[in-house]
Structures are given as structure tokens and as C-alpha cells.
Amino acid sequence: MRTDIEALDWNVGNIYQSKDNEGRKTVDEVFDQATLRHIQQLFSRRIISTIENIIATGKEANVFRAKTFDGRNRAVKIYRLNTATFRKLEKYIEGDSRFRNSGNNPRERVFTWAQKEYKNLHSMIAGGVMAPKPFHVYKNIVVMQYLGWRYRPYPTLRELPPQEPKKFLKLLLDSIKSYRKMKLSHGDLSEYNILNVREKPYIIDVGQAVPKEHPLYGELHKRDMENMYKYWKRKIKNLNDRWFI
């Protein structure tokens, strides 16, 4: 049986070899020495046992499928520690009373962002929103429910529009109402951040979500609803814009 360090080395090397140039870029950008130590802590605490294939890539983070020690799938979101894009995200942290002591250096701000996503997911799940269940957060890593079949994640709404748009939209609006009851605005709601999970919408990427006391709370929700209306009016004839308020 491999030790934690051997398993970590094996997994990173496996990703590196399986993805060629893309894999090398992933290793270079995501698996820096600090992040490797953080992953090691997740192994030592028996949160996960292995990291498997890449699920999604983004400007701030990559998401991987991982395995627990009892063989269950998990999604592991790893925020890059060396990214400059977090400077653009300061406005979502400043004004959020939950993170008044978020640190001053860029690395601490990344850790705050991971905590922010974790707490937002907890609040949304508590309110009845269809979203991935969060399990653990450590430094720049969030471990959450894996939404997929074996090694394949469920597609985004952009990748796979629903077969019954009205039914899908009703479920989505129910989730939006649920997180609004929890006094949250998503802040980046689009067809890219909604999964089509067997004809049910699951909302993802909630790190930028802000509470009601945040100065951008109203503005962000309005923008989200405008984006949603633009998308759904192409899918549903005679769509009532009053649904998107």
C-alpha cells in the first residue's frame, strides 16, 4: 500500500502524463509546493485518499475528481496561489462581514476565498438550494460532493440544455428563491455555472456570493437575473420577464 506522500506523488505524476501539455500546465499552475503540502494534510486527515482526473479548469481554480478512503467520489476544488485574477475579486470580499479579518497578502486572500465558497455552499444547502454539498475546506482547497457518473462530471447548462426547459427553469427559480431567503446573491449566475444533473439544475461556483449587508447585494442579483432572462428567452417562447426579479 502506498504512503500518503507516495500516493500524492503518484497522482500528480499520473495527471502530468495523462494530459501531456495540458497536464504539465496544470501541475505547474496548481500543484506548487505549498498546495502539495495542503493536499498532504487532506491525506493525513483521511479526508481524501487519492486525486484522480481533472473535472474542470478555470481562471482561479481547477477541479479534480478525488476518492475517499472508503471509495466514494469527491470533487476537490484547488484555487491557484499564484494567480493575479484574485485582485479583481476583492470587491466580493470587502463588505462581507463574515470575512472582516481576511488578511492582507494575496495568499491569505485566496484562503479567504476558499472559506467563502465553503460557507456559501453550506448556507445554500441549508436553504434548500440544489448545489454540491461541501465536506471540508483547508487553505486553498474545498472538498465537496462530486456531481457526475464515474469519472465523467455532469455537463453545464451551456454544454447540455434541458429537454424540458420550462420544467428545468422552474426548479432553477426555486433554488434562486431559496438562496434569496438565505439573504444571498450568487453574483455570477449563468449557463456556465449551472449543471444539468439528469434534467435537474445544480448551482455551482458560489465563491463570489455575497450576503444582504454587502453593498453589491442588489446589483449582483439584478445582473444575474438579466443574464438568466437573456439565456432563457432563447429557449422558451413568450417567457414572462416578471419571473426574473
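Structure notes:
- Note on the range 236-245: residues that are over 27 Å from Ser97 (Cα atoms) and either touching an Asp or Glu at 6+ places or on another chain (Cβ under 8 Å) or in a loop (DSSP other than H, G, I, E, B) (or both) total 6.
- Any hit, the range 99-108, residues being at negative phi and within 16 Å of the chain's Cα centre (by Cα): no
- Selection status of Ile203, more than 14 Å from the chain's Cα centre (by Cα) and in contact (Cβ under 8 Å) with a residue 12 or more places away in the chain: no
- Any hit, the range 24-41, residues being at pLDDT below 90, of a type in the set (D, E, K, R), out of contact with any Asp or Glu (no Cβ under 8 Å at 6 or more places or on another chain) and within 23 Å of Glu159 (Cβ to Cβ): yes
- Some residue of the range 140-157 being of a type in the set (Gly, Ala, Ser), within 30 Å of Leu36 (Cα to Cα) and touching a Phe, Trp or Tyr at 6+ places or on another chain (Cβ under 6 Å): yes
- Subset of the range 86-98 (residues that are modelled with pLDDT of 90 or more and closer than 16 Å to Asn140 by Cα): Ile93
- Positions within the range 37-60 being assigned to a strand (DSSP E or B) and either out of contact with any Gly (no Cβ under 9 Å at 6 or more places or on another chain) or without any contact (Cβ under 8 Å) to a residue 60 or more places away in the chain (or both), in sequence order: Thr50, Ile51, Glu52, Asn53, Ile54, Ala56, Thr57
- Scan of the range 107-151 for residues that are over 21 Å from Arg45 (Cα atoms), aromatic (Phe, Trp, Tyr) and without any contact (Cβ under 8 Å) to a residue 60 or more places away in the chain, ordered by number: Trp149
- Comparison of Arg180, Arg223 shows that the only residue that is over 23 Å from Lys133 (Cβ atoms) and charged (D, E, K, R) is Arg223.
- For Glu90: the one exception among (1) in contact (Cβ under 8 Å) with a residue 60 or more places away in the chain; (2) surrounded by fewer than 21 Cβ atoms within 10 Å (Cβ to Cβ); (3) not in a loop (DSSP other than H, G, I, E, B): (1)
- If the condition is being of a type in the set (A, V, I, L, M) and either part of a loop (DSSP other than H, G, I, E, B) or out of contact with any strand residue (DSSP E or B) (no Cβ under 9 Å at 6 or more places or on another chain) (or both), then the range 61-87 contributes Leu81, Ala84.
- Filter result (touching a Leu at 6+ places or on another chain (Cβ under 9 Å) and either surrounded by 21 or more Cβ atoms within 10 Å (Cβ to Cβ) or in a helix (DSSP H, G or I) (or both)) within the range 223-235: Arg223, Asp224, Met225, Asn227, Met228, Tyr229, Tyr231, Trp232
- Test: residue in the range 103-126 that is of a type in the set (Lys, Arg) and modelled with pLDDT under 95: yes
The values are calculated or read from the model by the stated rules, or taken from the named source; none is laboratory data. Owing to the predicted nature of the structure, the values given are computational and were not obtained by experimental measurement. For neighbour counting, all protein chains shown are included, and Cβ atoms are generated from backbone atoms with ideal geometry for every residue, glycine included.
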